[in-house]
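One structure below.
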Amino acid sequence: MVTDSGTGLPLVDHHVHGVLTAELDRPGIEALLTESNWPAPPGTTAFDSQLGFAIRRWCAPLLELDPLGPAEDYVRRRLELGSTEVSRRLLAAAGVGTWLVDTGYQSDAVTAPAELAALSGAPARQVARLESIAERLAGSGGDAARFAGDLTAAVHQSAATVSGFKSIAAYRGGLSFAPQRPRRTEVAAAAGRWLRQLDAGQPARLEDQVLIRHGIWAALDTGLPLQLHTGYGDADSRLHRADPALLHDFLLASQHAGAPVMLLHCYPYHRQAGALAALFPHVYMDVGEALNHVGARSAAVLAEALELTPFHKMLYSSDAFGLAELHYLGATGFRRDLAKLTGELVADGAWSPSDAARVSRLIGAGNAARVYRLGDR
Ligand SMILES: [Zn+2]
């Protein structure tokens with residue numbers, strides 16, 4: 001049976017979430033095996049997927065089980081060991097050098113960056129979600145005329161402690177938002193509308209395009225990398241509005257802002273993302289959680305992403321959330337796929353072994369270290 005190859009390639013996971021701290025039963029585990037908001041139809045299981053098979057294949061041995069045993073044995077053994085022990089084993093075995101943790105999604109249910117660092121033995125830094133910053137600010141009773149300045153100040157204040165910002169504009173109306181910085185009067189009017197809705201009892205969920213754009217431009221002004229969700233996500237997003245190609249005019253408008261733009265996930269638009277990364281000097285991409293979800297087909301997807309993406313423009317991320325299996329499979333699968341892919345290119349005589357090793361180090365960790373200035377702070 002094939003074993004892990006490429007072991008030891010240093011990795012920075014530049015977009016990841018914490019692990020759930022609660023004990024997980026079978027429905028709890030299955031819910032985390034899919035981006036779907038709903039359980040598998042009665043009589044079927046989320047384990048019948050590329051990701052489910054990958055867990056039985058690659059994670060089982062870390063729980064002292066034979067590879068590819070039944071899913072029920074895996075779930076039983078996981079419960080026997082307990083979530084904390086399973087997380088510790090899988091996170092440590094992932095061998096990730098640095099985690100850049102998005103703290104904006106279900107932060108009460110999952111480990112904070114410091115806890116993820118303690119469980120894995122590797123440092124974790126925070127990436128702040130712009131919509132969450134705006135929602136916190138609005139929830140604390142803002143003033144419409146001052147909202148623009150207050151949000152800018154909150155973003156700049158965060159910049160002192162975080163490694164980057166993230167926007168989920170793709171989930172909140174899509175990526176075809178107006179490309180340019182909104183005017184102050186527009187922002188004040190939009191803030192007035194939103195704050196009135198909150199006063200009327202609506203939940204603090206930022207959907208307004210003007211305010212989302214204001215947050216994005218405030219983040220660009222800090223010079224820190226701006227991560228944008230693109231492509232495949234849960235049912236809250238609309239796939240056709242998450243195509244990164246919709247960002248073309250925004251990327252033209254933002255190219256001299258001084259901040260890198262990181263296209264996250266991208267699948268099934270990873271080729272579009274590669275084209276944008278090739279065109280725009282400030283644009284980077286990854287293939288994120290898709291590699292976990294496509295399981296045994298991940299090397300093929302990674303190969304497609306690498307068709308056009310310049311080698312100094314691709315990064316590694318797992319987008320793992322909740323289950324440490326995802327953190328582990330993401331890292332070990334990426335190393336295995338990259339080793340396979342570059343190995344084939346070397347065998348074909350297309351690449352030299354030293355180029356293959358150098359490019360692998362760039363994609364695994366070097367590009368992230370450079371763009372997020374991990375050595376500096
Ligand atoms: Zn994510």
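The values are calculated or read from the model by the stated rules, or taken from the named source; none is laboratory data. Small disclaimer: the values here were computed from a predicted structure and weren't measured. Please note: Cβ atoms are built from the backbone with ideal geometry, for glycine as well, and neighbour counts cover all protein chains shown.
Look at (1) crowded, with 20+ Cβ neighbours inside 10 Å; (2) farther than 29 Å from residue 128 by Cβ; (3) hydroxyl-bearing (Ser, Thr, Tyr); (4) under 22 Å from the mean Cα position of the chain (by Cα) and you find that residue 87 fails only one, number (2).
Quick grid of which residues meet (1) within 23 Å of residue 182 (Cα to Cα); (2) free of Cβ contacts under 8 Å to residues at least 40 places away in the same chain:
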| site | (1), (2) |
| --- | --- |
| 216 | yes, no |
| 221 | yes, no |
| 234 | no, no |
| 239 | no, yes |
| 248 | yes, yes |
| 263 | yes, yes |
| 270 | no, yes |
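Every condition in (1) surrounded by fewer than 20 Cβ atoms within 10 Å (Cβ to Cβ); (2) out of contact with any His (no Cβ under 9 Å at 6 or more places or on another chain); (3) touching a residue at least 24 places away in the same chain (Cβ under 8 Å) is met by residue 257 except one, and the failing one is (2). Restricting attention to region 291-305, does a residue exist that is farther than 20 Å from residue 52 by Cα and within 16 Å of the ligand (Cβ to nearest atom)? No, region 291-305 contains no residue that is farther than 20 Å from residue 52 by Cα and within 16 Å of the ligand (Cβ to nearest atom). Here residue 276 clears all of (1) under 30 Å from residue 294 (Cα atoms); (2) at pLDDT below 95 except the condition numbered (2). If you go through region 355-377 and keep only what is at pLDDT 95 or above and among the small types (Gly, Ala, Ser), you end up with 356, 357, 360, 364, 365, 366, 368, 369. Among the residues making up region 249-297, those that are out of contact with any strand residue (DSSP E or B) (no Cβ under 8 Å at 6 or more places or on another chain) and of a type in the set (A, V, I, L, M, F, W, C) are 250, 252, 253, 257, 275, 278, 279, 291, 294, 296.
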